[in-house]
Amino acid sequence: MLEAYRAHVAERAAIGIPPLPLSKAQTIQLVDLFKNPPAGEEATLTELMIHRVPAGVDDAAKVKAEFLAKIATGQEKSPLLTNTHATELLGTMLGGYNIKPLIDLLDDAQCAPIAASALKKTLLMFDFFHDVQELAEKGNTFAKEVLQSWADAEWFTSRPNLPESLKVTVFKVSGETNTDDLSPAPDAWSRPDIPLHALAMLKNGRPDITPDELGQRGPLKLIAELQQKGHLVMLLELVLHVNQPRIQCSGTPAKIFRLYPTSALGASAWVAKLPRSSLTRWKMLVRSLLNSMSAKWKWAMSLNYALMKVAL
C-alpha cells in the first residue's frame, strides 16, 4: 500500500498537484499497518492518518473514526497511538462519524477533557446535541462545559480577527468569461478531483494570458509567478449573467481570491483561500447581515458592502 501510494504522490507531483486522499480500502490497510508498523515507516503512517484521510462522513472517515475510538477506549492497541492522542485526532474530524465516540469519551476520566475541548469547537452535531444535553442533565461536568461553551460561542470568539487590510496581486482576465472558461465541459470528468480539474482553467487562452499548454493546461506558471510576490492572488473578471451576489468556494491550486463585478450592485466577492479561522469569522459576518435584513434589496446591498469591505 505504501509503495503504491508513493508512486501516486510522485505521479501527481509531476503535474503540480497534491495526491488524492486515501480511499476506504487504503485506510483499512493503513489501520492494519498502525497495529504492526514496519520499521522506519512510523512517521509516514502517522502523517497519512492525520492528514490524508478525509474528514466528515466519507467512507474512509468511518474507518478512521472507528479505529481511533477503539484506541481511545482501549479496545485496540497501537505503538503509534495513545488513548489521549487518538482522542485528539478524533476531535479534528469536523463532524460525522467522530461525534458519537467523542460524546462517549465524556465519561472517560482520562480522555474527557480532550473530548470536551474538541466538541466545543464542533458545530455539526445535529441530533447528537441532545445526547450532550442528556449527559449534562445527569451531572457530567464536561458535558456542561461543552453546552456552556456553545452558548458563549467560544468556537467563534476564540478565532483570530480578520486583518484590518489585505494586500493582493490582481490577475486580470480580459473580456468576458463563462463556465467553459473556468471549468471547461470536455474536462467535466475531472470535476470531483478539484486540483486536477483546476489545471484546465483558462486553458484556451485569451489576450494577455498564455496557457502552459494551449488547449490542455491553463496558465499555472503565470499564477505561480504572481503568488511568489507573497500576496493573495485576486482574479478580476467579468462574468456573464451574474445579477446577484453569490458566495462560492474554490479548490484551485491558484489560491485565488475572486471579485465578481455585477450589473445591479457594483461588485461582490468570494473567498477561496483565506486562513480557515478568518474565513469562518467572515462567513459569520455575512450570515449576521442576512439574518438582520428583511427586505431583499436591503440585505443584498449590505452583503455587497460587507464583501467589498473584505475585498478592498
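The values are calculated or read from the model by the stated rules, or taken from the named source; none is laboratory data. All of these numbers come straight from a predicted model, not from anything done at the bench. Methodologically, a virtual Cβ is constructed for each residue, glycine included, from the backbone with ideal geometry; neighbour enumeration extends over all protein chains shown.
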(request) For the stretch 60-116, name all the residues that are polar (S, T, N, Q) and more than 15 Å from ASP131 (Cα to Cα). (result) THR73, GLN75, SER78, THR82, ASN83, THR84, THR87, THR92, GLN110
(request) Out of ALA185, ALA153, report the one residue that is assigned by TED's automatic domain parsing to the domain that holds PRO54, within 30 Å of LEU232 (Cβ to Cβ) and exposed (fewer than 12 other Cβ atoms within 10 Å of the Cβ). (result) ALA153
(request) Name the single residue, out of those in the stretch 101-143 being acidic (Asp, Glu) and buried (at least 16 other Cβ atoms within 10 Å of the Cβ), that is nearest to ALA153 (Cα to Cα). (result) ASP131
(request) Select from the stretch 99-113 the residues that are part of a loop (DSSP other than H, G, I, E, B) and acidic (Asp, Glu) and list them in ascending order. (result) ASP108
(message) Just to be sure I understand, how many residues within the stretch 180-237 are free of Cβ contacts under 8 Å to residues at least 60 places away in the same chain, assigned to a loop (DSSP other than H, G, I, E, B) and not β-branched (Val, Ile, Thr)?
(response) 21
(message) I'd like to know if the stretch 73-85 contains one or more residues that are more than 19 Å from GLU42 (Cα to Cα) and in a helix (DSSP H, G or I).
(response) yes
(request) Would you confirm whether any residue within the stretch 215-228 is in the same structural domain as ASP180 (by TED's automatic domain parsing), farther than 22 Å from THR169 by Cβ, modelled with pLDDT of 50 or more and exposed (fewer than 13 other Cβ atoms within 10 Å of the Cβ)? (result) yes
(request) Quick one: count up the residues across the stretch 134-155 that are touching a residue at least 12 places away in the same chain (Cβ under 8 Å) and over 14 Å from ILE103 (Cα atoms). (result) 4
(message) Name the single residue that is farthest from LYS64 (Cα to Cα) among those in the stretch 80-121 being touching a residue at least 40 places away in the same chain (Cβ under 8 Å) and among the hydroxyl-bearing types (Ser, Thr, Tyr).
(response) THR92
